[in-house]
Amino acid sequence: MPQDGPAPPTGSLPVAIIGAGPTGLAAAAHLLARGLSPLILEAGEVAASVRAWGHVRMFSPWRYNIDPAARALLEAAGWQAPDPDAHPTGAELVARYLAPLAALPPLARALRTGTRVVGVTRRDHDLMRDGARDSAPFVLQLADLSGRVTEIEASAVLDCSGTWASPNPVGAHGLPVPGEAQAAGRIAYGIPDMLGRDRADHAGRTVLVVGAGHSAMNAVLDLAALARHAPGTRILWAFRRPLEAVNFGGGAADALAERGSLGARAHQLAATGEVTVLAPFAIAAMQPLPDGRVAVTARDGRRVEVDRIVVAAGFRPDLSFLRELRLGLDPAVQSTLALAPLIDPNLHSCGTVRPHGEAELRHPEANFWIAGMKSYGRAPTFLLATGHEQVRSIAAALAGDWMAARRVELDLPETGVCSATPAAPASSCCAPAPACCGTVPAA
């Protein structure tokens, strides 16, 4: 069968994997299964981003969170898989799966922690130069914990670095609002551990949560649980849109029961008044006050004073260290042009995405891919199983097995919600066919 992509890399250079999280470790497992040599480059410790939300219980059960190639390596070493229907926390995902996987000798030998990738290019080829670009090895600049920079070469690069370290600011226009930087000491981005490590910062305080996705729902539910035991805890929940326009998920129709329950419970809090809903409330400015509180002003002039702010407004990819590579990105979503129509929330609200692989993730830069959460750019609703399928397909392509690279080996659970704008393209998940909201059989 003729190949349909760049030539597989040859020679003794490794395949560089940026990030030792769930997708990066799965990528290494698939490359090893194909007889290729991975080199995993991690800025912090293994699964550092997952550890940051270790207190959060996942809405996908273990059956969707373990990569098949990683499972094979672990089971060969005597590992016992957790109950496939149980729902792990982030900490349990690390302790019972990711840490044992990274400790296996084939992966441990390929892993460098405390190694931040600060630049990626091609040997003797900057962004402008064509020449023999596709055959030139990649050059990666690495900074260690002391800041010392060294260079290595690689035959291919998979960026699995995720987006956790690049949260969106509070401004609806994509920029921090005036005063946001000055109030940084009172702001938590993501999902703080309000029932554990960060309890003292939130108990008995007035807390403003900004965001409408699953992270915001988790934060609001944790705060509600805290308020039942910590008198004086007051919860404000700010949405940029009217409440009736907020998507709380598919409820009982969601194939992931915990995801449906999360949205339903959060909606109940908003509907019963257990939290104070501010909707719409487009934040225009923040001002730290002398008493340590923060005044938050909406565009229409309304103002609230709060003790803490939780910004759960999504994430964006850090593309700064890829500036010398030729990327093919959708101008809005910042995913590849082929993937964007499947995940763009401007086109549809379906959280289920048709499984996809190497072809949809391909960039103009040969043998370079972005996989995992970062592959979605600014779009939400990523599932770990999606990243596993992505790197399986990429590893097959790097081995020259184009039939396997094109084959779909994943069925994703439906969200129970699917609505499209009239402009939704035929390839979107909400179009009649091919429908990502239905099951996609393996080829």
Would you be able to tell me the number of residues in region 294-337 that are more than 30 Å from residue 368 (Cα to Cα) and touching a strand residue (DSSP E or B) at 6+ places or on another chain (Cβ under 8 Å)?
17
Run residue 4 past the list (1) in a loop (DSSP other than H, G, I, E, B); (2) farther than 21 Å from residue 152 by Cα; (3) at pLDDT 95 or above and report the number of the one that doesn't hold.
(3)
Quick check on region 240-256: of everything there that is modelled with pLDDT under 75 and assigned to a loop (DSSP other than H, G, I, E, B), which residue is nearest to residue 170 (Cα to Cα)?
249
Does any residue in region 138-152 that is outside the structural domain of residue 126 (by TED's automatic domain parsing) come within less than 8 Å, Cβ to Cβ, of a residue that is at pLDDT below 95 and of a type in the set (Phe, Trp, Tyr) six or more places away or on a different chain, and which pairs are these?
none
Between 134, 159, which is surrounded by fewer than 18 Cβ atoms within 10 Å (Cβ to Cβ) and either in contact with a helix residue (DSSP H, G or I) (Cβ under 7 Å, 6 or more places away or on another chain) or in contact (Cβ under 8 Å) with a residue 60 or more places away in the chain (or both)?
134
Residues of region 117-133 that turn out to be more than 29 Å from the chain's Cα centre (by Cα) and not in a loop (DSSP other than H, G, I, E, B), as a count:
2
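The values are calculated or read from the model by the stated rules, or taken from the named source; none is laboratory data. In this text, all values refer to a predicted model and were calculated from it rather than measured experimentally. In this analysis, Cβ positions are derived from the backbone assuming ideal geometry, glycine residues included, and neighbour counts consider all displayed protein chains.
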